[in-house]
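Following: one structure in structure tokens, then a few remarks.
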């Protein structure tokens, strides 16, 4: 019954337009509990609509639940990459920056801060994975310090593609390949190396300190491990390695 499709789209659009108006009203009144309930219900209807997620973050921030807001941001970041192959909008990234600035609000004791930032040694199993916004900040720190340190830092890019080297794999195949690649990167890099998912089909790595030759060996080691763990002939890895550019070269 093809006639149902346009009607369904119409009422879907109408519903989420009404939800957005209601959520904006709750925002004006600072009624964060009601905002959360409406936004959470809307996400249950369509979890790929961005506006309800935006108001979930606002409501959690308004209720002082910054850690939950960070967790939800990380969840939707992975969700949008996995389901649609896209990153989040500028509005959501700006919210992430606000959350990050306020997550430690009220902590004035350095011992408390140090304890909060410390990792559990039992959970350190390989390279450090972070959300892409965090990775960009780490990259900028390294770029500022690169000329002073004199150490060689390289960026690696690893992606999955079909046998024609085109990044248009079916969604289920893409996700299985990316999950396997995530595990391979984690166990193949050192604990001080950092990586992040930068697109639906790619991870970016920061390797330091390292030479170009050793960086190539690292990428080859990851590729060998990937082939051992993932046996589909429909998928192959694409890689690239470039030096980090110090701020002075920008």
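Looking across segment 40-51, the residues that are in a helix (DSSP H, G or I) and more than 13 Å from residue 95 (Cβ to Cβ) come down to 40, 41, 42, 43, 44, 45. Scanning segment 214-236 for residues that are closer than 19 Å to residue 82 by Cα and either outside any strand (DSSP E or B) or at pLDDT 90 or above (or both) yields 230, 234, 235. Restricting attention to segment 191-213, the residues that are outside any strand (DSSP E or B) and either surrounded by 14 or more Cβ atoms within 10 Å (Cβ to Cβ) or touching a helix residue (DSSP H, G or I) at 6+ places or on another chain (Cβ under 7 Å) (or both) add up to 5.
Restricting segment 97-132 to residues that are modelled with pLDDT under 85 and crowded, with 16+ Cβ neighbours inside 10 Å, which is farthest from residue 183 (Cα to Cα)? By that ranking, first place goes to 99. Can you pull out every residue in segment 62-83 that is farther than 15 Å from residue 102 by Cα and without any contact (Cβ under 8 Å) to a residue 40 or more places away in the chain? The answer is 72, 75, 76, 79, 80. The number of residues in segment 158-190 that are under 16 Å from residue 232 (Cα atoms) and in a helix (DSSP H, G or I) comes to 12.
Condition check ((1) surrounded by fewer than 11 Cβ atoms within 10 Å (Cβ to Cβ); (2) modelled with pLDDT under 90; (3) outside the structural domain of residue 75 (by TED's automatic domain parsing); (4) touching a strand residue (DSSP E or B) at 6+ places or on another chain (Cβ under 9 Å)) across all residues:
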residue	(1), (2), (3), (4)
10	yes, yes, no, no
18	no, no, no, no
22	no, no, no, no
28	yes, no, no, no
34	no, no, no, no
45	no, no, no, no
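Within segment 78-97, the residues that satisfy the criterion of being assigned to a helix (DSSP H, G or I) and touching a strand residue (DSSP E or B) at 6+ places or on another chain (Cβ under 8 Å) are 78, 81. Candidates in segment 214-243 are the residues that are touching a strand residue (DSSP E or B) at 6+ places or on another chain (Cβ under 7 Å) and closer than 21 Å to residue 172 by Cα; of these, the one that is surrounded by the fewest Cβ atoms within 10 Å (Cβ to Cβ) is 238. Restricting attention to segment 147-174, the residues being surrounded by 11 or more Cβ atoms within 10 Å (Cβ to Cβ) and at pLDDT below 75 number 4. Given the criteria closer than 29 Å to residue 173 by Cα and not assigned by TED's automatic domain parsing to the domain that holds residue 182, does residue 84 qualify? Spelling it out, residue 84 is indeed closer than 29 Å to residue 173 by Cα and not assigned by TED's automatic domain parsing to the domain that holds residue 182. Look at residue 51 and say whether it is modelled with pLDDT under 85 and outside the structural domain of residue 198 (by TED's automatic domain parsing). Answer is no for this residue.
On the basis of being in a helix (DSSP H, G or I) and closer than 22 Å to residue 11 by Cβ, does residue 55 make the cut? Answer is yes for this residue.
The values are calculated or read from the model by the stated rules, or taken from the named source; none is laboratory data. Not measured: the values here are computed from a predicted model. With ideal geometry, Cβ positions are generated from the backbone for all residues, glycine too; neighbour counts draw on all protein chains shown.
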